[in-house]
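Trainee: The following block contains the structure, expressed as structure tokens.
The values are calculated or read from the model by the stated rules, or taken from the named source; none is laboratory data. Note that the structure is predicted; figures quoted are calculated from it, not measured. In this analysis, Cβ positions are derived from the backbone assuming ideal geometry, glycine residues included, and neighbour counts consider all displayed protein chains. These area figures cover heavy atoms from the full protein model, side chains too; ligands, DNA and RNA do not enter into them. Shrake-Rupley method; radii C 1.70, N 1.55, O 1.52, S 1.80 Å.
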Amino acid sequence: MTPKEIHKKLEGIVGDDTFILSNMEVVCKIAKILPEEATVIEIGTFWGRSACVWALATGGIVYTIDIEDRLKIINDNIKKMGLEKQVIPLVGNSSKMLWEKRVDCVFIDGNHSYEDTMRDIKKWMPFSKTVICGHDYNDNFPTVKKAVDDFFGKLNSPLIEDNEIWVVKK
């Protein structure tokens, strides 16, 4: 599915449009380097829109973790998109959640504090087989940018292309 097709499909589900078309373009580029029907963990769900983008782009399973209980809205959005078998919402603190399975991609978009971003990177990086990435790598969220830069060094990924998604291929 193309980014424009995904963007169009998201029309009509609950949530603001903070995960914009250019973000979807990056997700689709990442999906191309992942195995077919990749497994993704998304840290931070909010409305569930980006989880739906990951599911549509990869054709795989997306486990999405959020500390806040918005399950009704998230599940309604997932159902409207017809992705009940692909998007699995989990409620809990991502830094305390027990997890054992390695996945193809980890996408971090949880609490945007420096400490929590760093904690999520450290906790979830060992579970990623192919890519670890995240949202809001921009001047509006300097704490996210600083945590990513402090952990990985200044990123110069061709997948970013001045986008707010940071990407590290393993």
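Trainee: Go ahead and estimate [θ] at 222 nm for the chain from helices alone: -39,500 (n - 2.57) per DSSP H run with n ≥ 4, summed, over the residue count, rounded to 500.
Mentor: Helix contribution divided over all residues of the chain: -11500 deg cm²/dmol.
Trainee: What is the set of long-range amide H partners of LYS129 at a cut-off below 5 Å, with H atoms built 1.01 Å from backbone N?
Mentor: Long-range HN contacts for LYS129: VAL103, ASP104, CYS105.
Trainee: Moving to a separate point now. Per residue, how large is the accessible surface of the chain? Use a 1.4 angstrom probe and give square angstrom.
Mentor: 49
Trainee: Related question: Over 18 Å, how big is the tail of the calculated P(r) for segment 39-103, in percent of all Cα pairs?
Mentor: Taking all Cα-Cα pairs of segment 39-103, the fraction more than 18 Å apart is 27 percent.
Trainee: Turning to a different aspect of this structure: Mind scanning LYS85/LYS145; LYS4/LYS80; LYS80/LYS146; LYS8/LYS123; LYS79/LYS154; LYS4/LYS154 and naming the pairs with a C-alpha gap bigger than 27 Å?
Mentor: LYS85/LYS145; LYS80/LYS146; LYS8/LYS123; LYS79/LYS154; LYS4/LYS154
Trainee: Moving on. Students often forget the sequence filter, so: which aspartates and glutamates lie under 20 Å Cα-Cα from LYS96 once same-chain residues fewer than 8 apart are removed?
Mentor: GLU42, ASP66, GLU68, ASP69, ASP109, GLU115, ASP116, ASP120
Trainee: Need one value: the accessible area of LYS9 in square angstrom, 1.4 angstrom probe, rounded to the nearest 10.
Mentor: Rounded to the nearest 10, the figure is 90 Å².
Trainee: Let me check against my output: what whole-number percent is the relative contact order of the chain, with C-alpha pairs under 8 Å and at least 6 apart?
Mentor: 20
Trainee: Amide H of VAL87: which non-local residues (sequence gap of 5 or more, or other chain) have their own amide H closer than 5 Å, using H built in the peptide plane?
Mentor: Hits under the 5 Å cutoff: VAL62.
Trainee: Mind checking which of TRP99, TRP47, TRP124 has the largest fluctuation in a GNM of the chain, springs on alpha carbons under 10 Å?
Mentor: Looking only at TRP99, TRP47, TRP124, the biggest GNM fluctuation is shown by TRP99.
Trainee: Specify which residue in the list HIS112, MET1, ALA147 is farthest towards the positive end of the charge dipole of the chain, using unit charges on the beta carbon of Lys, Arg (+1) and Asp, Glu (-1), about the Cα centre.
Mentor: Result: MET1.
Trainee: If LEU56, LEU71 are ordered by their accessible area, calculated over protein heavy atoms with a 1.4 Å probe, which sequence runs from highest to lowest?
Mentor: So the residues, ranked largest to smallest area, are LEU71, LEU56.
Trainee: Using θ = phi - 60° and the Karplus form 6.51 cos²θ - 1.76 cosθ + 1.60, what ³J(HN,Hα) does each residue of segment 129-134 get, whole Hz, x for Gly and Pro?
Mentor: Per-residue couplings from phi come out as 7, 10, 9, 10, 8, x Hz.
Trainee: Mind telling me which of ILE88, ILE108, ILE43 comes out most flexible in a GNM of the chain, alpha-carbon contacts under 10 Å?
Mentor: Taking springs between Cα atoms under 10 Å, the residue moving most is ILE88.
Trainee: Using the alpha-carbon centroid of each, what span in Å lies between segment 101-170 and segment 36-65?
Mentor: Between the Cα centre of segment 101-170 and that of segment 36-65, the gap is 16 Å.
Trainee: A further question on this structure: Summarise the accessible area of the chain (1.4 Å probe, protein heavy atoms) by the percent that is carbon and sulfur.
Mentor: Answer for the chain: carbon and sulfur cover 53 percent of the accessible area.
Trainee: Also, quick follow-up: Which shape class, rounded, prolate or oblate, goes with segment 105-144 when its Cα gyration tensor gives a ≥ b ≥ c as root eigenvalues, a/c under 1.5 marks rounded, and past that a/b bigger than b/c marks prolate?
Mentor: Cα axes put segment 105-144 in the oblate bin.
Trainee: OK, next. Of TYR114, TYR137, which has the most accessible area with a 1.4 Å probe, and how do the rest follow in descending order?
Mentor: Largest accessible area first, the list is TYR114, TYR137.
Trainee: So, taking all protein chains as they sit and a 1.4 Å probe, how much accessible area belongs to MET24, in Å² rounded to tens?
Mentor: The accessible area of MET24 comes to roughly 0 Å².
Trainee: Enumerate the calculated ³J(HN,Hα) couplings along segment 96-103 in order (Karplus 6.51 cos²θ - 1.76 cosθ + 1.60, θ = phi - 60°), each rounded to whole Hz, writing x wherever the residue is Gly or Pro.
Mentor: 10, 5, 7, 8, 10, 7, 6, 10
Trainee: Another question about this same structure. Is segment 72-161 best put as rounded, prolate or oblate by its Cα gyration tensor, with a ≥ b ≥ c the root eigenvalues, rounded for a/c under 1.5, and otherwise prolate when a/b is larger than b/c, oblate when not?
Mentor: prolate
Trainee: Once a ≥ b ≥ c are taken as the square roots of the eigenvalues of the Cα gyration tensor of segment 27-69, is the result rounded (a/c under 1.5), prolate (a/b larger than b/c) or oblate (a/b not larger than b/c)?
Mentor: prolate
Trainee: Here are a few candidate values for Kirkwood radius over Cα pairs in Å: (1) 15.7; (2) 18.4; (3) 16.5. Which one was actually calculated from the structure I just gave you?
Mentor: Comparing each candidate, only (1) matches the computed number.
Trainee: Here's a follow-up. Order the following by accessible area, largest value first: GLU164, GLU37, GLU5. Probe radius 1.4 Å; ligands, DNA and RNA are ignored.
Mentor: Accessible-area ranking of GLU164, GLU37, GLU5, largest first: GLU37, GLU5, GLU164.
Trainee: Taking a probe of 1.4 angstrom, what is the accessible area of LEU90 in Å², to the nearest 10?
Mentor: 50
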